[in-house]
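Take a look at the structure set out below.
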Amino acid sequence: MPAKSTPPSHPERPSRYDVLFQPVRIGPVTAKNRFYQVPHCNGLGYRDPSALATMRGIKAEGGWAVVCTEQVEIHYSSEITPFIELRLWDDRDIPTLARMADAIHEHGSLAGIELAYNGMNGPNLYSREVPMGPAHLPVATFSHEPVQARRMDRRDIDNVRRWHLAAVRRAKAAGFDLIYVYAAHGLGFLHHFLSRRFNDRTDEYGGSLENRIRLMRELTEDAKAAVGATCAIPIRISLDELQGEAGLTHPEVEDMIGLMADVPDLWDVTLAGWENDSRTSRFAEEGHEEAFSRGVKRLTTRPVVGVGRYTSVDRMVSLIREGVLDLIGAARPSIADPFLPLKVEQGRIDDIRECIGCNICVAGDFTQSPIRCTQNPTMAEEWRKGWHPERVRPKGSDRGVLIVGAGPAGLEAALVLGKRGYDVTLAEAAKELGGRVAGEARLPGLAAWIRVRDYRRGQIDKLANVRVYLDNRLSADEILELQHPVVVLATGSYWRRDGVGRVHTKPMRVNADADVLSPTDVMAGRLPRGRRVVVWDDDHYYMGGVIAELLAEKGYETHYLTPASEASTWTRATLEQHFIQTRMLRKGVRIQTFRALQSIERDHVMATCVFTGTANDIPADSVVLVTARWPQEELASELRARQPEWSDAGIQSVSVIGDAYAPATIAHATYAGRRFAEELDGHPVTGDELPFRREITNLLPVDR
Ligand SMILES: Cc1cc2nc3c(=O)[nH]c(=O)nc-3n(C[C@H](O)[C@H](O)[C@H](O)COP(=O)(O)O)c2cc1C
Ligand code: SF4
C-alpha cells in the first residue's frame, strides 16, 4: 500500500511531479519512489555476470526504486538455450546474483528477482532434459524446435514446487528484496497452467479458474511462508493473450486476480505474448496497455505496477492520480535512459533520453549478444568499456574537432565530445539535423525515431563549446582551410540503385528505360512512375516493408518480393515481423516470398524461385530496390589522397564513423559516434589487444 509521506520537492521540479517520489510499501519492503524497472533480459546473463551487475547498479544510481533481474532460470530441467539469461540452478549461482543485488543496494534501491520455471518454453537444448508442462504439447518457443513437453504428473508438480522454493531461499541468500512468481507472457509454466490454450487437464490443476491458478497460488504461498517476513513476493501476470476466447481473456485474468487479490505483495501486470507487451512504436503508442491495467487496482489492496513504454512524466502522474497504477513500470524507458527517475526528481525533463520504441534492445536477446540500445549506446558497455550513460571523462587535449555530418553518429560524437570539453564544430550539408533519421522518421509508423535527433539537438544546444552549421556542405578544400586538428567524417550512406546486395553481389541487369528507385529516392520525395510497382527487399529489416506500406497507401498496386520466407524477416528479432506482414497484407501489398529479382525491364520484372529457378514475369511500371547501401566516402577518399597537405592545415587525424564507414542500423551509428568520442585521446586501439574487458570461465580441475 502506498505510504503517505511525500519527500520535499526539489527546487527545480514542478510540484505536480512530487507524487512520483512518494515511497510505496510492498509487503515488508518499501520502494523509495514510484519508478520501477520491471524484469528485462539483456543477452548478458550467465555469460557476462559482472557486466550485468554493473548495468543494474547504474539503473539504481539513476534513481529506479526497484531494479529487477531478467527471468532467471531456477532449474536445469527448464533452461532456454540459446537465450542467455541468469541462472539459479544451485548454490554456486548465488555469488553472481549477490553481486548484482549488492550493486543495486549500493544506491538505496530494492533488488527484485524474477524466478522462472520455463516449462514448455524451454526445449532444454543444453541440459537435454525432457521439458514439462500442463499437457503433452510441442515446446512453445520462438524457434520451432522438434521437441515436445510431457504432461506433468503430481510428482512433477511437487518436484517443481520444491525446486522453486529452493530458488526462493537462494534468492534471499543472494540479497534480493522482491522475489517474483512469474506467470506472464506465455514464457513460463505458470502461464501455461493458467491458459486454456495449453491446459487441458482434468485434475485439480485444470478446468476451473480456481484449479488453473492453483499452482500459482501454491508457489506464492510457499515463497511467502519461507521468506515473506523480509522479502516481498510479487506476481507477474498477463492480463490478456489477445487470442480471443482461445487464450487467456481479460475478464478471466481479472477474475484470477480477484481470487488471489491480496495473496502476493504486488501485482505486476502486462500483456501476453512478449510481442504484444513490448510493442514497437510502429505498432503501439505510449500507454498501449492502459485499457487492460486500468481495472486491476479495484481487485486488490496490494500495489500494482504496469507498463506501456512510459516516458511522458505528466502521463505517469495521471496514472497515479487516477488510481490506475501505484508504480510506473518500465523496461525500455529504463534502457534508453537509466537516469530517467533522477532527471524527473531534479526537474530536468528536457534531459530525458526517450526510448524510440525500435526494439533493438530485444534483438540483443534474440541474437544472444549483449543488449544494444539505439538511444543509449552505453548499454552493456558500462563494465566492459567503463562507459556511463551520464558521465564522461574530461578531454585529453585541447585539440579542436570538426565533425562533418549531423546524422546519428555525428550528433552523438558531437554531444559526447562537447560534454568532455572539446571545442567542436559540427557541419551538416542539409538544412536540418538528423541525417538518415530525419528522412526515416517521415516514413509510416517511424515518427518516434526523430527522438534520436531531438534528444541530441537539445543537449548540444546547452553546450557553448559545440557550434552547429546547417546547410553547409564542406569540400575537402574547405576542411583543409578550417584547420581543425581532429576531423571526423560522419557523412552517412545512400541506398544503391543497381540491385547489389545479398542475392546479387554484382549489378543486376536493368533496361535503360526502366524506372528504378532506391529508398533514398523515395525518402527524398520521388515517387515511382505509373501505378504498378515492385519493391524488392534483399535487406530484410524494416525498410522494404515500410516502403511497400507507403506506396500501397499512396494507391500503387504494390508487389513486394523477397528471397526470404516472409516479409522483413529480420524483424523477428524486434518482435515485429507478424505485425509488419499483417499490416502489409491489410494494406493490399501482394507479398511474394522465396523470389529473387533477376532483371528489370521497361514494363516488367523477371523473378525466379530461389529453389527451382523457375522464372515468372511481373508487370511493373517501376521498381524500388531495397538492397545494400553505399557509404558516402568521397570526402574521405579525397582527404586521404591529400594527406601530404594535412600538416600545413594543422590536421592530425581524419576518421570516418557510422554509416559512412560501413552502413548498419541507427544503433550502430550512435554507438560509433559514442565510441569515437570516448576513445579520443585515450589508449590507442590498434587491434592487437581487446578493446574491452571480458569475463573468462573459471576452469575446474580436469578429472583424470
Ligand atoms: C529487452 C527486453 C527484455 C525483456 N525481458 C523480460 C524478461 O526477462 N522477463 C519479463 O517478465 N519481461 C521481459 N520483458 C518485458 C518487459 O518487462 C516489459 O513488460 C515490456 O517491455 C513492456 O514495458 P516497456 O514498454 O516499459 O518496455 C523484456 C522487455 C525487453 C524490452
Ligand atoms: S533499443 Fe530502441 S526500444 Fe530498446 S530501449 Fe533503446 S530506444 Fe527503446
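Could you list the square roots of 5 times each eigenvalue of the Cα gyration tensor of the stretch 363-492, that is, the equivalent ellipsoid semi-axes, sorted largest first and rounded to whole Å?
On the way: eigenvalues 128, 85, 32 Å².
Each semi-axis is √(5λ); the values are 25, 21, 13 Å.
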Classify the stretch 257-415 as rounded, prolate or oblate from the Cα gyration tensor: take a ≥ b ≥ c as the square roots of its eigenvalues, call it rounded if a/c is under 1.5, otherwise prolate when a/b beats b/c and oblate if not.
prolate
Kirkwood-based Rg over Rh for the stretch 483-588 (C-alpha set), two decimals?
1.05
Wrap a convex hull around the Cα atoms of the chain, take a quarter of its surface area, and give that in square nanometres.
34.1 nm²
Any chance you could give the angle, 0 to 90 degrees and rounded to 10, that helix 666-679 forms with the longest Cα principal axis of the chain?
80 degrees
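Counting only DSSP beta bridges with both residues in the chain, what percent are antiparallel, rounded to the nearest 5? Before the final figure, lay out the partial values.
Working: 19 of 86 bridges.
Of all bridge pairs located within the chain, approximately 20 percent are antiparallel.
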Can you bin every Cα-Cα distance in the stretch 1-145 into 5 Å intervals starting at zero and give me the percent of pairs per bin, rounded to whole numbers?
2, 10, 16, 17, 15, 12, 10, 8, 5, 3, 2, 0, 0
Once you have the Cα-Cα distance between Tyr469 and Asp158, take 0.36 nm times their residue separation minus that, and quote the gain in nm to one decimal.
105.1 nm
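How large is the charge dipole for the chain, taken about the Cα centre, if only the Cβ atoms of Lys, Arg (+1) and Asp, Glu (-1) carry charge, to the nearest 20 debye? Please report the intermediate quantities before stating the final value.
Details: 87 positive and 95 negative charges, 110 e Å.
Dipole size: approximately 520 debye.
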List the trypsin sites (Lys or Arg not before Pro) within the stretch 357-465 that fall in a DSSP loop (any state other than H, G, I, E or B) and whose Cβ has at most 15 other Cβ atoms within 10 Å.
Arg391, Lys431, Arg442, Lys462
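How long are the three semi-axes of the equivalent ellipsoid of the stretch 452-502, in whole Å, if each is the root of 5 times an eigenvalue of the C-alpha gyration tensor, listed from largest down? Before the final figure, lay out each step's value.
Details: eigenvalues 150, 79, 18 Å².
Over the Cα atoms of the stretch 452-502, the ellipsoid semi-axes are 27, 20, 10 Å.
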Give the percent of DSSP beta bridges with both residues in the stretch 33-151 that are antiparallel, rounded to the nearest 5.
15 percent
Amide H neighbours of Arg150 under 5 Å, at least 5 residues apart or on other chains, H built in the peptide plane: list them.
Met132, Gly133
Once you list every other residue whose beta carbon is under 12 Å from the beta carbon of Leu190, what net charge do they have if Lys and Arg are +1 and Asp and Glu are -1?
+3
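Please work out the ratio of the alpha-carbon Rg of the stretch 261-342 to 2.2 N^0.38 Å and round it to two decimals.
Working: Rg = 12.6 Å, N = 82, 2.2 N^0.38 = 11.7 Å.
Compactness ratio reported: 1.07.
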Acute angle (nearest 10 degrees) that the helix 542-553 long axis makes with the longest principal axis of the chain, alpha-carbon atoms:
80 degrees
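Of the beta bridges DSSP finds with both residues in the stretch 527-666, what % are antiparallel, to the nearest 5?
Details: 10 of 23 bridges.
Taking every DSSP beta bridge with both residues in the stretch 527-666, the antiparallel ones total about 45 percent.
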Violating pairs (Cα-Cα greater than 28 angstrom) within the set Lys32/Lys297; Lys59/Lys431; Lys395/Lys431; Lys32/Lys172; Lys172/Lys343:
Lys59/Lys431; Lys395/Lys431; Lys172/Lys343
May I ask for the equivalent-ellipsoid semi-axes of the stretch 115-171, computed as the square root of five times each C-alpha gyration tensor eigenvalue and listed largest first in whole Å?
21, 14, 9
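Would you kindly give the portion of the calculated P(r) for the stretch 573-701 that falls above 24 Å, as a percent of all Cα pairs? Before the final figure, lay out each step's value.
On the way: 5134 of 8256 pairs.
Cα-Cα pairs of the stretch 573-701 separated by over 24 Å account for 62 percent.
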First select every other residue whose beta carbon is under 12 angstrom from the beta carbon of Arg399; then total the charges, Lys and Arg +1, Asp and Glu -1.
-1
For 356-365, 157-166, 671-680, 133-142, ranked highest to lowest by mean beta-carbon neighbours within 10 Å, the order is 356-365, 671-680, 133-142, 157-166
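Please compute the net charge surrounding Glu254, taking Lys and Arg as +1 and Asp and Glu as -1 over other residues with Cβ under 10 Å from its Cβ. List each step's numbers first, then the result.
Values: positive: Arg298; negative: Asp240, Glu252, Asp255.
So the surrounding residues net to -2.
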With +1 on the Cβ of every Lys and Arg and -1 on the Cβ of every Asp and Glu, and nothing else charged, how large is the dipole of the stretch 291-405 about its Cα centre, in debye rounded to the nearest 20?
160 debye
Rounded to the nearest 10, the angle in degrees between the Cα long axis of helix 49-61 and the longest principal axis of the Cα atoms of the chain comes to 90 degrees
Along the stretch 292-300, Karplus-curve 3J(HN,Hα) (6.51, -1.76, 1.60; θ = phi - 60°) to the nearest Hz, with x for Gly and Pro, reads 8, 7, 3, x, 5, 5, 6, 9, 8
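Taking the stretch 215-324, which GluC sites (Glu not before Pro) meet the DSSP loop condition and have no more than 14 other C-beta atoms within 10 Å?
Values: sites: Glu218, Glu221, Glu241, Glu245, Glu252, Glu254, Glu275, Glu285, Glu286, Glu289, Glu290, Glu322; in loops: Glu241, Glu285, Glu286, Glu289, Glu322.
Sparse-neighbourhood loop GluC sites (Glu not before Pro): Glu285, Glu322.
Show that you can apply the helix-only estimate: for the chain, add -39,500 (n - 2.57) for every DSSP H stretch of four or more residues, divide by all residues, and state [θ] at 222 nm to the nearest 500. Intermediate values should be presented prior to the final figure.
Values: 22 runs with 200 residues, N = 704.
Helix contribution divided over all residues of the chain: -8000 deg cm²/dmol.
Read-outs throughout are calculated quantities, based only on the coordinates presented, and are distinct from any laboratory measurement. Nothing here was measured: the structure is a model prediction, and the numbers come from that model. Methodologically, a virtual Cβ is constructed for each residue, glycine included, from the backbone with ideal geometry; neighbour enumeration extends over all protein chains shown.
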